[in-house]
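Let me begin by presenting the structure, written as structure tokens, before commenting on it.
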Amino acid sequence: MATHRARRRHLAFAGGLAALALTLGFTASPATAAPPPPVTYVALGDSYTAGTGAGGLSRPPVACWQSPGGYVDLVDASPKVTLVANLACHGAVLFPVPPFYDGVTPTVGQQIFAGQQALAGADLVSVTAGAVDAGSLLALQNCSTPNTQLCAATVSGIIANLPVIESGLEITYQAIQQAAPDAVIAVLGYPRLFDPSQGDIVIGGVTVVPVANQIQVNMAIDALNATIAKAVQESGTNAVFIDMTKRFLGHAVNSANPWIVLDLTQPLLDANFHPNSAGHQAYASALLSSVKLTQLAKR
């Protein structure tokens, strides 16, 4: 009986101390939560993801050309991200089929196959793809001339073939998801290259890219971006489309503050029509602001 009364007095005393502590503002400090681990990141795709425009201007004789300082490197600089592998290559197409496959550059499909181990544990995968397959090089070649009829015909043919590109993109996103089952796939689009409001591009008194051709190229890019967005939506994957159009407004190749490389005195430069350092920073910012890294790390 005495023991029972003593226990009740002990409990009452402990309760009183707890109440006093709350009254005086003393509370137990919770253990500090460990920060989430960095998001594991893999990059795939074409020249935009390979960093073209941020570094060297011309492709060296290598199968897979990457330039330092591209958006992937900038994303990797975030303390919340750990880049496991950047497998992207300048000039990469989706699959090794004509007419735009060069027979050397690893395709996006081959990149996925080669990166199976890295992709298996990835939280985040970014990709740019589809422009080369759509005929971007042919469009830029035929539209960077005063010939408006040739440019219009080229763009018309490209747009007519985009349903084929859409199918290839869907297959690609599904293959990425199969290889990286837990990853969010960030699919980045392409910026408009020209600002027609700035007038014809003229060099030495000669019109090199008339306004009509600038409009045609931008129209092709808009159609390609719509195709990419539709492929993302219909792929049945964790892919999300990140539109770059608005981010590059005011920063076309012929603007006062271009974020895209263009040296028409050297029209064959591989870096032409690719993001410069500021453009790659815009890509990195778009990616980091479009995915919730903290949630990815906790999954």
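Could you check, for region 25-45, whether at least one of its residues is modelled with pLDDT of 95 or more, within 30 Å of Val261 (Cβ to Cβ), out of contact with any Phe, Trp or Tyr (no Cβ under 9 Å at 6 or more places or on another chain) and polar (S, T, N, Q)?
no
If Ala120 satisfies every condition in (1) in contact (Cβ under 8 Å) with a residue 40 or more places away in the chain; (2) under 19 Å from the mean Cα position of the chain (by Cα) but one, which is the exception?
Only one criterion is unmet by Ala120, namely (2).
State whether one or more residues within region 132-140 are over 30 Å from Val291 (Cα atoms), more than 27 Å from the chain's Cα centre (by Cα), open to solvent by 20 Å² or more (accessible area, probe 1.4 Å) and not hydroxyl-bearing (Ser, Thr, Tyr).
Checked against the condition, which is being over 30 Å from Val291 (Cα atoms), more than 27 Å from the chain's Cα centre (by Cα), open to solvent by 20 Å² or more (accessible area, probe 1.4 Å) and not hydroxyl-bearing (Ser, Thr, Tyr), region 132-140 yields no hits at all.
If I ask for residues that are open to solvent by less than 80 Å² (accessible area, probe 1.4 Å) and among the β-branched types (Val, Ile, Thr), which ones from region 98-118 would you list?
Thr105, Thr107, Val108, Ile112, listed by residue number.
Just wondering, is there one or more residues in region 77-88 that are assigned to a loop (DSSP other than H, G, I, E, B) and closer than 23 Å to Phe113 by Cα?
Within region 77-88, one or more residues are assigned to a loop (DSSP other than H, G, I, E, B) and closer than 23 Å to Phe113 by Cα.
What about Ile176, is it outside any strand (DSSP E or B), surrounded by 16 or more Cβ atoms within 10 Å (Cβ to Cβ) and either at pLDDT below 95 or not small (Gly, Ala, Ser) (or both)?
Yes: the conditions hold for Ile176.
Name the pairs whose Cβ atoms lie under 6 Å apart, with the first residue in region 212-223 and farther than 12 Å from Gly199 by Cβ, the second open to solvent by 50 Å² or more (accessible area, probe 1.4 Å) and not hydroxyl-bearing (Ser, Thr, Tyr), and 6 or more positions between them or separate chains?
Pairs found: Asn218/Arg192; Ile221/Arg192; Ala223/Ile159.
What is the residue count in region 194-211 for residues that are open to solvent by 50 Å² or more (accessible area, probe 1.4 Å) and either part of a helix (DSSP H, G or I) or of a type in the set (Val, Ile, Thr) (or both)?
5
Quick one: Ser235 ticks every box in (1) of a type outside the set (Lys, Arg); (2) closer than 23 Å to Val125 by Cα; (3) surrounded by fewer than 19 Cβ atoms within 10 Å (Cβ to Cβ) except a single one, so which number is it?
Looking at each condition in turn, Ser235 falls short on (3).
Which residues, taken from region 35-81, are of a type outside the set (Gly, Ala, Ser) and loosely packed, with under 15 Cβ neighbours inside 10 Å?
Listed by number, the residues that qualify are Pro35, Pro36, Pro37, Pro60, Pro61, Val62, Pro68, Pro79.
Taking Leu269, is it out of contact with any Lys or Arg (no Cβ under 7 Å at 6 or more places or on another chain), among the hydrophobic types (A, V, I, L, M, F, W, C), outside any helix (DSSP H, G or I) and open to solvent by less than 50 Å² (accessible area, probe 1.4 Å)?
Judged against the criteria, Leu269 is a match.
For region 212-240, what are the residues that are of a type in the set (Gly, Ala, Ser) and in contact with a strand residue (DSSP E or B) (Cβ under 9 Å, 6 or more places away or on another chain)?
Within region 212-240, Ala229, Ala231, Ser235, Ala239 meet the criteria.
Identify, please: which residue in region 66-110 is of a type in the set (Gly, Ala, Ser) and over 16 Å from the mean Cα position of the chain (by Cα) and is, among those, nearest to Gly135 (Cα to Cα)?
Per the criteria, the residue is Gly103.
The values are calculated or read from the model by the stated rules, or taken from the named source; none is laboratory data. This is a predicted model, so every value here is computed, not measured. All Cβ positions, even for glycine, are placed from backbone atoms using ideal geometry, and neighbour counts span all protein chains on display. Side chains are part of the model used for accessible areas, which takes the heavy atoms of the whole protein and leaves out ligands, DNA and RNA. Shrake-Rupley method; radii C 1.70, N 1.55, O 1.52, S 1.80 Å.
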